[in-house]
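Please treat every number below as a calculation from the coordinates, not as lab data. What you see is a predicted model; the values in this text were computed from it and never measured. FYI the Cβ positions are ideal-geometry reconstructions off the backbone, even for glycines, and counts take in every protein chain you see.
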Amino acid sequence: MSRVPPRVSAFINQKGGVGKTTSTVNIGAAIASLGRKVLLIDLDPQSHLSLHLGVDGASIGQTIYDLMLDPEARTEDCIVKVRPNLDILPSTVDLAAAEMELASSADRNNILKRRFAEVSDRYEFVLLDCPPSLGLLTLNGLCLAGEVIVPMQAHFLAMQGLSKLLETVKLVAQGLNPSLKVGGVILCMHETQSTHSKEVVAELDQFFEDSAGSGLPWEQAKVFRPAIRRNIKLAEAPSFGQTIFDYAEWCPGAIDYRTLAERFVRDWDRAHGMDSGAARAAEVAASTATSASVNERATEEIPVAAPANALASQAVTEQKPVAVRASKSVRGSKSAPEPKVVPEPSPLIPIESPRNAPQELSSATLSVEPKRVRRGA
Ligand SMILES: Nc1ncnc2c1ncn2[C@@H]1O[C@H](COP(=O)(O)OP(=O)(O)OP(=O)(O)O)[C@@H](O)[C@H]1O
Ligand SMILES: [Mg+2]
């Protein structure tokens, strides 16, 4: 295992339905397929991350709720192995109660960080799927994370939401987590041909360019490329408990997420002088270069054709979208514990869970005035 600490990325946007969970699952799965150890943390009581990966928290025993509320719970006992190199710390709807139950705890902001420390040396990449609110759960994510990644749509109103989120990150970085940065924005469900989208992307690019050297947590942030095109396969895959790579590995959504993940890994490796990782990522990137290059710029028109061999592969995976899941495992010894493995699920997963949690750290309580990112500045 590398001595470089894990890249811990919190996928946050207080707006709902923007692509946080879809991005966490599929970027995590793509990184794991590169042979890197990945932990996904489901911080959302909706449990969509867990359900997307075929994990029904209600039937697997301990979850992140136990981890945060029960001092006797061991972190390794709450982790589930879902794919090679890919583990998940699942949630259930119980997690909604954690916000209130922890409200009076003096250490309430740092519980997740403290518990994660027990397993941190086992992972190279940790991705947190946060709920669409800025409550105590998200705050725990912000205290654990080294960076915030913001999935969003390229719409003008989304820019206002981003501005509020950045102010929140700044406040957290000024107090609770001084090392917190903003990694950047992932454009999800991207409308490649819309003029409005192109204008918003240009504004975002300009905003981050202008922020360079500002000393603010987003001074090194960027708009990640490629943008993730709107692709119905990404919406279908969760109902089978599958990642997009299990479900339709050469659809446009899979190509975009794979390319994004490879660059995500490559940039991290380069920043930490890890040539082997870069080389590995480059090798895989080369195999998808033909299709990925069409979406190099978020604002360009993008054809959706996959390579000829890829289409054949897609046909196979679409005919048999069987969830790839393991049966229950024997728990390992205390010295070398094995994560739990997901029980065999039903083929279709009902995604019905309550919306989440009370808001503690809302922008309003922090007195952050909404403001435009650039327009009119
Ligand atoms: N690129 C895409 N193309 C088509 N559908 C998408 C795409 N990305 C996400 N979706 C779908 O959009 C919906 C919202 O996505 P997702 O659940 O990832 O958002 P979220 O931000 O996690 O939502 P919430 O705030 O409720 O947690 C889901 O049904 C998902 O399958
Ligand atoms: Mg979600």
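Per-structure values
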| read-out | value |
| --- | --- |
| Per-residue Cβ neighbour rank within 10 angstrom, fewest leading, 68, 274 | 274, 68 |
| Residue order, fewest to most beta carbons within 10 Å, for 246, 87 | 246, 87 |
| Qualifying GluC sites (Glu not before Pro) in segment 44-111, DSSP loop, other Cβ atoms within 10 Å at most 12 | 72 |
| Residue order, fewest to most surrounding Cβ atoms within 10 angstrom, among 8, 265 | 8, 265 |
| Only Lys, Arg (+1) and Asp, Glu (-1) charged, at Cβ; segment 1-144 dipole about Cα centre in debye | 680 |
| Calculated P(r) of segment 147-234 - Cα pairs past 24 Å, % | 20 |
